[in-house]
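Here the structure is laid out as structure tokens; the discussion comes afterwards.
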Amino acid sequence: MKHRTVGKAIALSTLALLLLAPTSKCLAEQPSGKPIFKDHVLYAPAHFGNSYEVMGRYEMQQLIAEAKHWGFNRYADWFDTVDCSDPFAKHGHAHVQLAEALWARKLANFASAQALGLKCDLVITPNHVFIDQCLPGRLAKQGGRVFGQLVCPSVAEGRAMILKNYENMFADMARKGIRLSAICPCPYDYGGCLCDQCQPWIITFAKLCREIHAVCKKYHPDVKMHMIGWWWKVEEHEKFADWVDTNAPGWVERIYMHIPYGTTTVSSVRLPKGCERAAFVHIGYADQATPRDVYGHLGPVIAAVRLPKTVHSLADQHVSSVMAYSEGVFDDVNKSLLAGIGSGQFADADQVLRSYAKRYFLGDSDDSDDAAEWAKWLRQWGIPYQVNTVAAIEQWKSLAPAVMPDNWRLRQWNYKMRMLDLNQQIGTGKTWTPERLALVDRLWKTREQLHSRVWGLGPVRHVLNIRFTSFPWYGEWTRYQAATQESQLGSPASEKE
Ligand SMILES: [Zn+2]
């Protein structure tokens, strides 16, 4: 079944080392079995053309079931309304709109999560509305962190529209049998309004959320108010805490605090009285924040150092729960690391990765050393630009089946390895030889295959778009392409001459 050349050599040298020193297995910490956090929320927004947007009901059922296996006990999604017109307006056309299709898919995924015993949370961005609702006279004032399809909640028409949109969604969820456990509003991305009437925004946001929560309770009487601290400033937290303590004591039961890139702790800023300090954990990037390997631009990601460190740092800070921010299946290993350790099923990354390799690559009955070899192979991609890709390819040949099975978890790593190998061959610099340009073409072709053959993606938008890619030569390459195109077309002025 397998190539056994380099693999055997690695296995034998590893065996020699194991015989000379106390084995890591002997010294390995035993998992406590006791969850570190109360809740492990998988926040899987289906949008931007990511894999959650394209996966069907049965694929998502499997994905959620696997998330539960690793320790997740809540599921969250967000109706990102960019490019969508109001699906509840019933404009009278006979076809099914994008918004209707996306909403139906969200309801199906919530139903799957609920059937599996996970609680359902709806993430909301209150003043972000449908594109056909962005009409003059009610638009928000935008700039900086404030962008999107936004209306101003200080304009009566805008506020009424916001409340009606949520009423439509909450009522529809209830009609379809979905019981919301919490709503989780974010003030930014997409949200905010910079007009004078909306200042300070965080208080306008708080008041608006209070009204939305009241609407939600009509359909989901036990729904809790949890918030997401993404992009909040310290002074906004303080203003918010004061407002809640004065006007709505006990209302906000939990805030998932923002963890900035490259850090593993949350702010100790004051929260409303009785509010749990939880954490919003970005699992979509690798171990290092810079240079960044994020959102699947370089293929799947792994953070076998960062995520265990995050779990332990948050535990030290007495953080109650974690919400994993996930932009697609490319972070599948990170899901298992965060929930596997957070739920107390595994003591460390090595245990998680060996279990992952057995479950998905080898089969649970496998008793070879291959699970440990896979764990080592996966870990190295935490710093992808430093991987010796030639050695990684040789190790892959020894570990992976000779004929690649229909296994997306395995195949996505093969594509990453090949993309990073091509990246190393491309190197850096401003000179573009035909050979170097051909390597870039090969890399884009590989990326395209990963998108279409493994992840099934269509047009990807926003942060998933190629414009946000982080290959170090990308800027120089786009400038070269633009200059070449310009010289081939000639400028209109020179044509006139
Ligand atoms: Zn405003």
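Summary of computed values
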| read-out | value |
| --- | --- |
| Within the range 74-95, considering residues that are touching a Phe, Trp or Tyr at 6+ places or on another chain (Cβ under 9 Å), among the small types (Gly, Ala, Ser) and part of a loop (DSSP other than H, G, I, E, B), the one modelled with the lowest pLDDT | 89 |
| Options 202, 212, 162; residue that is at pLDDT 95 or above, of a type outside the set (S, T, N, Q), buried (at least 18 other Cβ atoms within 10 Å of the Cβ) and away from the ligand (no atom under 16 Å from the Cβ) | 212 |
| Identity of the residue in the range 313-362, assigned to a helix (DSSP H, G or I), among the polar types (S, T, N, Q) and in contact (Cβ under 8 Å) with a residue 40 or more places away in the chain, that ends up surrounded by the most Cβ atoms within 10 Å (Cβ to Cβ) | 336 |
| Options 186, 275: the member that is under 22 Å from residue 36 (Cβ atoms) and either away from the ligand (no atom under 16 Å from the Cβ) or of a type outside the set (Lys, Arg) (or both) | 275 |
| Total residues in the range 374-415, condition hydrophobic (A, V, I, L, M, F, W, C) and assigned to a loop (DSSP other than H, G, I, E, B) | 6 |
| First in the range 190-214 and closer than 16 Å to residue 248 by Cβ, second anywhere and more than 9 Å from the ligand (Cβ to nearest atom) and among the acidic types (Asp, Glu), Cβ under 7 Å, 6 or more apart | 202/236 |
| Residue match in the range 272-280 (condition: surrounded by fewer than 24 Cβ atoms within 10 Å (Cβ to Cβ) and under 16 Å from the mean Cα position of the chain (by Cα)) | yes |
| Test for residue 148: is it away from the ligand (no atom under 16 Å from the Cβ) and small (Gly, Ala, Ser) | no |
| Selected residue [more than 14 Å from residue 331 (Cβ to Cβ) and small (Gly, Ala, Ser)] from 299, 262 | 262 |
| Flag for residue 191 being buried (at least 22 other Cβ atoms within 10 Å of the Cβ), of a type in the set (Gly, Ala, Ser) and within 16 Å of the ligand (Cβ to nearest atom) | yes |
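The values are calculated or read from the model by the stated rules, or taken from the named source; none is laboratory data. From a predicted model like this one, the values you see are computed outputs, not experimental measurements. All Cβ positions, even for glycine, are placed from backbone atoms using ideal geometry, and neighbour counts span all protein chains on display.
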